[in-house]
1. Specify the residue that is surrounded by the fewest Cβ atoms within 10 Å (Cβ to Cβ); the eligible residues are those in segment 152-189 that are in a helix (DSSP H, G or I) and without any contact (Cβ under 8 Å) to a residue 60 or more places away in the chain.
2. Given (1) out of contact with any helix residue (DSSP H, G or I) (no Cβ under 7 Å at 6 or more places or on another chain); (2) more than 29 Å from residue 174 (Cα to Cα); (3) within 10 Å of ligand 1 (Cβ to nearest atom), identify the lone condition not met by residue 13.
3. So, in segment 55-77, exactly how many residues are out of contact with any strand residue (DSSP E or B) (no Cβ under 9 Å at 6 or more places or on another chain) and within 11 Å of ligand 1 (Cβ to nearest atom)?
4. Is segment 183-201 home to any residue that is under 30 Å from residue 114 (Cα atoms), under 15 Å from the mean Cα position of the chain (by Cα) and within 16 Å of ligand 2 (Cβ to nearest atom)?
5. Within segment 44-54, is even one residue over 28 Å from residue 221 (Cα atoms), surrounded by fewer than 16 Cβ atoms within 10 Å (Cβ to Cβ) and out of contact with any strand residue (DSSP E or B) (no Cβ under 9 Å at 6 or more places or on another chain)?
6. Whether any residue in segment 215-230 is more than 15 Å from the chain's Cα centre (by Cα) and loosely packed, with under 15 Cβ neighbours inside 10 Å is what I want to check.
7. If I filter segment 28-48 for residues that are part of a loop (DSSP other than H, G, I, E, B) and either more than 25 Å from residue 199 (Cα to Cα) or within 13 Å of ligand 1 (Cβ to nearest atom) (or both), do I get at least one hit?
8. Scan segment 99-127 for residues that are outside any helix (DSSP H, G or I) and within 16 Å of ligand 2 (Cβ to nearest atom) and jot them down.
Ligand code: UDP
Ligand code: MG
């Protein structure tokens, strides 16, 4: 028997929270009854600076049943930071914590298997989506493309695993030692190491409310992940530069031949295209390098990743 905490980041989730809370409570109670987890186990909602009644609902849940706890951040810091805030705040009070979304897209029935694997000695258990039947074609295509790209770029992520995972207290402590501000937990957790395993589940539909990850946020999240885990894009730019430089030799020879054969005016199209192509490549490259410099800039500031306003327990 061990103490299990469920950590749930919530941003404007008033529509789905009451239902999620009931489902999670029933799950935890069932686990307590069968003697898998202790009666000290809790459900911790992290309010990520919501603008709706989310925090009021969390407070009411806590008042009605002490199995619920709430952490309120001083402002919206994004999913990854909210999750980290929750995990680091509870790390000394539990043996293991499972992070999951407030919308119940992560199947709570996978928790049993996670608990089982933890009892067998795993420090980290990844929840992996066995399929994406409920996702739209577009979401599936972009998301799987993203995981493939991460693999290609050499970042060690678990394919089709989002942030539904169990971590032991010592794994959370180790994660806390990673001091970076540009957080991408899916890439960091595998770096923690320890014995780990996967459990498979079917990703469900959002119970209520709408996604807090519209396309724009999804793209910037993917970009964040890539640039904070891999320096390969910079290397590609170097290779691209070398390639373009080699091409320019060929073009030099070509232009000389053209010049001596007295055929110079007709090269206009070619020139125009080259200017645009090279200009584009240069701007793009400077942009990518700038992205990394921006990251270095933010990391050197060492700003706090989150600020806890209240912790009710
Ligand atoms: N979330 C958060 N802060 C944010 C955005 C989202 O804490 O700034 C939480 C949200 O409440 C949910 C989880 O992160 O519990 C995942 O968000 P969502 O379900 O909207 O993403 P999707 O499943 O559509 O990718
Ligand atoms: Mg969701």
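Please treat every number below as a calculation from the coordinates, not as lab data. In this text the structure is predicted, and so the values were computed from the model without any measurement. FYI the Cβ positions are ideal-geometry reconstructions off the backbone, even for glycines, and counts take in every protein chain you see.
1. Selected residue: 152.
2. Every listed condition holds for residue 13 apart from (1).
3. 2
4. yes
5. no
6. no
7. yes
8. Residues satisfying the conditions are 99, 100, 101, 102, 103, 104, 105, 106, 107, 108, 127.
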